[in-house]
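I have placed the structure first, in the form of structure tokens, so that the comments after it can refer back to it.
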Amino acid sequence: MAELQSSLLQEIKEQGDLVRKLKAAKEANEKIQEEVSKLLALKAQLNTEDAAPQKFTLKTPKGTRDYNSQQTTIRNNVLQRITTIFKKHGAECIDTPVFELKEVLTGKYGEDSKLIYDLKDQGGEILSLRYDLTVPLARYLAMNKINTLKRYHIAKVYRRDNPAMTRGRYREFYQCDFDIAGQYDPMIPDAECLKVVTEILDVLDIGKYILKVNHRRLLDGMFEACGVPADQFRSTCSTIDKLDKLPWEEVRTEMINEKGVTPEAADKIGEYVRLNGSTELADKLLEDARLSKSKSAVEGLGGIKLLLHYCELMGIKDKILFDLSLARGLDYYTGVIYEAVLTQPIKIGNEEQTIGSIAGGGRYDNLVGMFDSKNKQVPCVGVSIGVERIFSVLEAKLAAGDISVRTTDIDVYVASAQKNFLDERMKICAELWNAGIKTEQSYKKNPKMLNQLQHCEENGIPFAVVLGESELKRGVVKIRNITTRAEEEVSRENLVEELQTRIEKLGLKEMNGPVA
């Protein structure tokens with residue numbers, strides 16, 4: 001046995017040396033992974049039954065986190081409000097697998113494709129964790145031959161990104177998507193997506209915001225008019241997309257040194273991406289000497305004007321900013337694009353931070369066709385709410401004491417002022433549960449009255465049913481209002497009806513979630 005283990009250890013050492021040599025020589029990643037797999041297989045053969053327990057650090061993987069009950073309550077409250085608005089606009093809910101065939105995801109995200117999490121070969125299928133919820137939707141539509149759908153989807157997605165935890169950027173995070181698929185007249189569903197975003201941000205009330213809009217056709221026309229070759233449009237667009245994080249000079253340098261754009265073309269682009277406004281700006285650009293000669297730019301500007309008109313009809317034009325710096329680097333966008341940003345920094349800890357984009361989306365008319373054998377197109381437009389960043393804002397407010405959170409929905413606590421009342425407490429709890437009243441009690445046979453009332457105060461439970469020997473002999477119990485500390489005797493027979501009436505009168509719309 002010892003000889004076998006010694007031989008295995010030698011094989012592991014030799015295989016490890018081989019892997020290190022391949023990495024040092026910068027061999028192909030596929031070749032390195034193949035040898036790494038062999039190394040792991042050898043290590044798995046080691047008999048570790050008699051080995052001492054290995055010490056390891058208890059932590060969550062990089063870019064992920066745990067959520068305590070208060071944080072989870074905030075998240076559930078936000079998701080519930082968002083879902084209510086999605087449903088108000090007629091969206092149906094669907095779900096897709098957390099992983100897809102790698103070929104489904106490949107080539108859909110431009111430069112961001114390097115952030116896709118690849119999984120180990122599982123029975124001959126090469127799989128990857130989903131990067132977003134949009135590409136899985138396109139695969140779903142094509143696979144099921146669906147031509148029209150208004151859907152919402154709330155689920156976790158995965159990106160092998162450099163996380164910034166305090167700013168709500170993770171490797172595992174939720175997306176909340178709303179999409180409209182189907183052949184419709186221009187900008188009508190697009191405008192409704194913007195309306196959905198404003199309703200969500202208004203009801204969440206996390207701060208002042210602006211919705212930036214632009215058009216991919218306008219960007220292509222702008223690149224064309226400035227002298228950028230067509231095969232460089234997408235890579236140039238990905239660089240422009242960094243303007244919300246980097247100053248123009250750094251973006252210009254990247255365009256020239258890394259993307260091959262000439263300095264003259266970059267300077268012309270710089271003149272445009274500094275512009276923002278409304279319908280007046282679109283009219284002005286239609287008269288621009290360079291842009292007016294580009295069919296693509298004219299088409300994009302016409303679309304922007306129509307979108308702004310519909311936004312005015314919906315009463316949200318004052319929240320919309322036509323901004324030529326908005327690019328959104330994902331390859332699949334074909335038409336209007338938009339992004340919601342908070343206009344004021346949020347105090348997180350002891351410092352103020354800019355949160356950045358809290359919603360984004362656009363039109364992607366060609367994505368479904370990529371999955372269809374006959375290239376049948378299903379035009380789509382949608383928006384994704386950046387809930388992780390919204391969560392980080394609300395958690396910062398919670399830490400600062402600006403909001404309070406109830407982590408349970410309990411309305412009634414059954415308490416006893418004397419010993420040996422467990423049987424009666426259990427009877428009343430069962431009666432209230434059967435009536436649908438959210439109820440709890442102490443798990444001790446003879447709890448102290450002070451501890452029971454303190455539990456109610458700490459957990460925001462509005463009412464306590466207090467049992468006492470003399471009251472029960474008279475066929476009554478006391479209902480205590482925890483906030484006012486007022487107590488009132490009610491008939492034991494009418495307890496359920498009395499509690500239901502009092503709970504209804506509370507009218508606590510924010511009983512479970514952020515409150516002012």
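The values are calculated or read from the model by the stated rules, or taken from the named source; none is laboratory data. Keep in mind it's a predicted model, so treat the numbers as computed, not measured. Every residue, glycine as well, gets a Cβ built from its backbone with ideal geometry; the counts of neighbours run over all protein chains shown. Ligands, DNA and RNA are stripped out before the accessible areas are found, and what is left, the full protein with its side chains, is counted by its heavy atoms. Shrake-Rupley method; radii C 1.70, N 1.55, O 1.52, S 1.80 Å.
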Return the whole-Å distance between the Cα centroid of the stretch 426-500 and the Cα centroid of the stretch 359-407.
43 Å
Can you tell me the 0 to 90 degree angle between the C-alpha axis of helix 188-204 and the longest principal axis of the chain, rounded to 10?
40 degrees
Scalar couplings 3J(HN,Hα) for the stretch 205-216 by Karplus 6.51 cos²θ - 1.76 cosθ + 1.60 (θ = phi - 60°), nearest whole Hz, x for Gly and Pro, are 6, 9, x, 5, 9, 9, 9, 7, 10, 7, 9, 4
Expressed to two decimals, the stretch 2-50 has a Cα Rg over Rh, using the Kirkwood radius, of 1.07
Between Asn434 and Lys145, what is the spin-label point distance in nm, taking each point 7 Å from the Cα along the Cα→C-beta axis?
5.4 nm
In percent, how large is the relative contact order of the stretch 240-347, given Cα pairs closer than 8 Å and 6 or more residues apart?
32 percent
Once a ≥ b ≥ c are taken as the square roots of the eigenvalues of the Cα gyration tensor of the stretch 176-334, is the result rounded (a/c under 1.5), prolate (a/b larger than b/c) or oblate (a/b not larger than b/c)?
prolate
Going down the list Lys212/Lys374; Lys59/Lys108; Lys150/Lys212; Lys114/Lys374; Lys448/Lys478, which pairs span over 25 Å between their C-alpha atoms?
Lys212/Lys374; Lys59/Lys108; Lys114/Lys374
With charges set only on the Cβ (+1 for Lys and Arg, -1 for Asp and Glu), what does the dipole of the chain come to about its Cα centre, in debye to the nearest 20?
520 debye
If we sort 333-344, 264-275 on the protection proxy, mean other Cβ atoms within 10 Å, highest first, what's the order?
333-344, 264-275
Accessible-area value, Arg20, 1.4 Å probe, nucleic acids and ligands omitted, Å²:
140 Å²
Tell me, in nm to one decimal, what length is gained between Ile188 and Thr83 on full extension, where the rule is 0.36 nm per residue of separation less the Cα-Cα distance?
35.6 nm
In range of the label at Ser357: residues from the stretch 102-146 whose backbone nitrogen is under 16 Å from the point 7 Å along Cα→Cβ
108-116, 131-135
Which GluC sites (Glu not before Pro) in the stretch 287-317 pass both tests, a DSSP loop state and at most 12 other beta-carbon atoms within 10 Å?
Glu287
Per the charge dipole of the chain (beta-carbon charges, Lys/Arg positive, Asp/Glu negative, Cα centre), the residue among Tyr272, Thr106, Leu204 reaching farthest to the positive end is Leu204
Taking loop as defined by DSSP and a crowding limit of 16 other beta carbons within 10 Å, which chymotrypsin sites (Phe, Trp or Tyr not before Pro) in the stretch 407-516 fit?
Tyr443
Give the long-range amide H neighbours of Val476: residues separated by 5 or more places, or on another chain, with amide H under 5 Å away, using H modelled in the peptide plane at 1.01 Å from N.
Arg492
Computed, not fitted: 222 nm per-residue ellipticity of the chain from DSSP H runs ≥ 4 (each -39500 (n - 2.57)), nearest 500, equal to -12500 deg cm²/dmol
Pull out a ≥ b ≥ c, the square roots of the eigenvalues of the alpha-carbon gyration tensor of the stretch 146-244, then state rounded if a/c is under 1.5, prolate if not and a/b is larger than b/c, and oblate in the remaining case.
oblate
With every protein chain in place, the chain: carbon and sulfur % of accessible area (1.4 Å):
50 percent
Using the 2.2 N^0.38 Å rule of thumb for compact globular proteins, work out how the chain stacks up: its C-alpha Rg over that value, please.
1.26
Which FRET efficiency, nearest 0.05, do Thr484 and Ser404 yield, Cβ-Cβ r, R0 22 Å?
0.75
Taking H as built 1.01 Å from N, whose amide H comes closer than 5 Å to the amide H of Tyr209, not counting residues under 5 places away?
Thr343
Dipole in debye (nearest 20) - the stretch 12-147, about Cα centre, beta carbon charges: Lys, Arg +1; Asp, Glu -1:
540 debye
